[in-house]
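Engineer: Quick one: the structure is below, and I'll ask about it shortly.
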Amino acid sequence: MFPLQRGRRLRTSESIRSLVRETTLSPSDFMFPMFIAEGENVQVEIASMPGIFRRSIDLTVKEVIELYELGIRAVNIYVKVSEDLKDNTGKEAWNENGLMQDAIRAIKTACPEMVVMPDVALDPYSIYGHDGIIANGDVDNELTNEALVKMAVSHAQAGADFVAPSDMMDGRVLRLRQGLDAAGFHNVGIMSYSAKYASAFYGPFRDALDSAPREADVEVPKDKKTYQMDYANRIEAIKEALWDVEEGADMVMVKPGIAYLDIVREVKNAVNVPVTVYHVSGEYAMIKAAAERGWLDHDKIMMEQLMCIKRAGASLISTYFAKEAAILLNK
């Protein structure tokens, strides 16, 4: 009863506010998504993602070592595949000497303690830009799952700590768990993109990997809405996350981040495994663009958004701000 209870007493100074702060951030809360290109000494900035680069393996390894020294303990890696290696089977995805496999080996050799989580989806390898194999005008769930298992096992053979299926095929977590176990990789984990929405926030990411759906001389879906989730749905996200846990997922992911914090909390309340949140490329690009125009304070907005994602229930945040935020937190 006023005036016996005054909320402002706990806000009087920064020292008091820090004592009662409910949520904190550290560099180990972050995972850094990295884009890998062919060649040596290659570093190409992604126009729609200022400060983010496609790097060749040699420069990627240098960056990974810097990230580890800052306290970041996980990277999520993606590859930019040459056009001549793309087809409708995705077979380059499980080439033991492919770009992804070489990158995993190089990172684990240079920085063994860095947790490496390679992306498992066929869109970088697909001539159609879809996350799976096209058959009869749509993405074939079972054919795609067979390909994803081969891909995940090849990542494990190269040294991956976790595989990160982002494809949204039905039943793929169970198939991956069975495939990894059959190959002897019982300790390789699965971080499943469980609630991945069909979002317009992914545009800059697709620029980075050239992985948007393409027009074709055969019937193909014009977008990814037959497998990624409808952003109008909430209960579906909980269902998908629970299914993935039952199938063997060690972590589940909600993607995108800031626009989906209600889903993060719902999923966190529903599952008994860590929840990863992907603070996606469009969310990153909007902050960069607004800050460049002087409309927002870059560092304050960056840290506020990351704190809000953690407060909503994230155990791990995959974010393009990971390095910048870690530098600030280490000051």
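Engineer: Just give me the residues in the stretch 200-220 being small (Gly, Ala, Ser) and open to solvent by 50 Å² or more (accessible area, probe 1.4 Å), in sequence order.
Structural biologist: Scanning the stretch 200-220 gives a single hit, Ala200.
Engineer: Here is a further query. So, in the stretch 221-261, of the ones that are assigned to a loop (DSSP other than H, G, I, E, B) and in contact with a Gly (Cβ under 8 Å, 6 or more places away or on another chain), which residue ends up most open to solvent (accessible area, probe 1.4 Å)?
Structural biologist: Going through the qualifying residues, I end up with Asp250.
Engineer: I would also like to ask the following. Can you report the number of residues in the stretch 1-40 which are β-branched (Val, Ile, Thr) and either within 30 Å of Tyr125 (Cβ to Cβ) or open to solvent by less than 30 Å² (accessible area, probe 1.4 Å) (or both)?
Structural biologist: Result for the stretch 1-40: 2.
Engineer: Now a separate question. Could you list, in sequence order, the residues of the stretch 179-199 that are in a helix (DSSP H, G or I) and either surrounded by 20 or more Cβ atoms within 10 Å (Cβ to Cβ) or modelled with pLDDT under 95 (or both)?
Structural biologist: Gly179, Leu180
Engineer: Output the residue which, of all residues in the stretch 225-263 that are of a type in the set (Val, Ile, Thr) and touching a residue at least 60 places away in the same chain (Cβ under 8 Å), is farthest from Ala322 (Cα to Cα).
Structural biologist: Among those residues, the one meeting the criterion is Thr226.
Engineer: Pick out the one residue from Leu176, Leu143 that is modelled with pLDDT of 95 or more, open to solvent by 30 Å² or more (accessible area, probe 1.4 Å) and either among the aliphatic types (A, V, I, L, M) or part of a loop (DSSP other than H, G, I, E, B) (or both).
Structural biologist: Of Leu176, Leu143, the one residue that is modelled with pLDDT of 95 or more, open to solvent by 30 Å² or more (accessible area, probe 1.4 Å) and either among the aliphatic types (A, V, I, L, M) or part of a loop (DSSP other than H, G, I, E, B) (or both) is Leu143.
Engineer: So which of Tyr202, Tyr231 is in contact with a Phe, Trp or Tyr (Cβ under 6 Å, 6 or more places away or on another chain) and more than 24 Å from Gly98 (Cα to Cα)?
Structural biologist: On inspection, the qualifying residue turns out to be Tyr231.
Engineer: How do the helices (runs of 4 or more DSSP H) wholly within the stretch 264-331 filter down when requiring 2 or more residues that are among the basic types (Lys, Arg) and either within 30 Å of Val245 (Cα to Cα) or touching a residue at least 24 places away in the same chain (Cβ under 8 Å) (or both): which remain?
Structural biologist: 298-312
Engineer: Continuing with the same structure: Of all residues being open to solvent by 10 Å² or more (accessible area, probe 1.4 Å) and not in a helix (DSSP H, G or I) in the stretch 157-168, which is farthest from Trp243 (Cα to Cα)? Just the residue, please.
Structural biologist: Gly159
Engineer: Run down Ile107, Ile36 and say which single residue is of a type outside the set (S, T, N, Q) and touching a Lys or Arg at 6+ places or on another chain (Cβ under 7 Å).
Structural biologist: Criteria check complete, one pass: Ile36.
Engineer: Within the stretch 115-125, how many residues turn out to be in contact with a strand residue (DSSP E or B) (Cβ under 8 Å, 6 or more places away or on another chain), open to solvent by less than 30 Å² (accessible area, probe 1.4 Å) and either within 17 Å of Ser82 (Cβ to Cβ) or not in a loop (DSSP other than H, G, I, E, B) (or both)?
Structural biologist: Matching residues across the stretch 115-125 total 7.
Engineer: Suppose the filter is touching a strand residue (DSSP E or B) at 6+ places or on another chain (Cβ under 6 Å) and either surrounded by fewer than 17 Cβ atoms within 10 Å (Cβ to Cβ) or of a type in the set (Asp, Glu) (or both); does Asp299 pass it?
Structural biologist: When the stated conditions are applied, Asp299 does not pass them.
Engineer: Continuing with this model, one more query. Which of the residues spanning the stretch 5-53 are in a helix (DSSP H, G or I) and not small (Gly, Ala, Ser)?
Structural biologist: Answer for the stretch 5-53, where residues must be in a helix (DSSP H, G or I) and not small (Gly, Ala, Ser): Arg8, Arg9, Leu10, Arg11, Glu14, Ile16, Arg17, Leu19, Pro27, Asp29.
Engineer: Here's a follow-up. Taking the options Ala74, Ala47, name whichever one is open to solvent by 60 Å² or more (accessible area, probe 1.4 Å), under 26 Å from Val254 (Cα atoms) and in contact (Cβ under 8 Å) with a residue 40 or more places away in the chain.
Structural biologist: Matching residue, one of Ala74, Ala47: Ala47.
The values are calculated or read from the model by the stated rules, or taken from the named source; none is laboratory data. This is a predicted model, so every value here is computed, not measured. Glycine gets a Cβ as well: all are built from the backbone with ideal geometry, and neighbour counts include every protein chain shown. Ligands, DNA and RNA are excluded from the accessible area calculation, which covers all protein heavy atoms including side chains. Shrake-Rupley method; radii C 1.70, N 1.55, O 1.52, S 1.80 Å.
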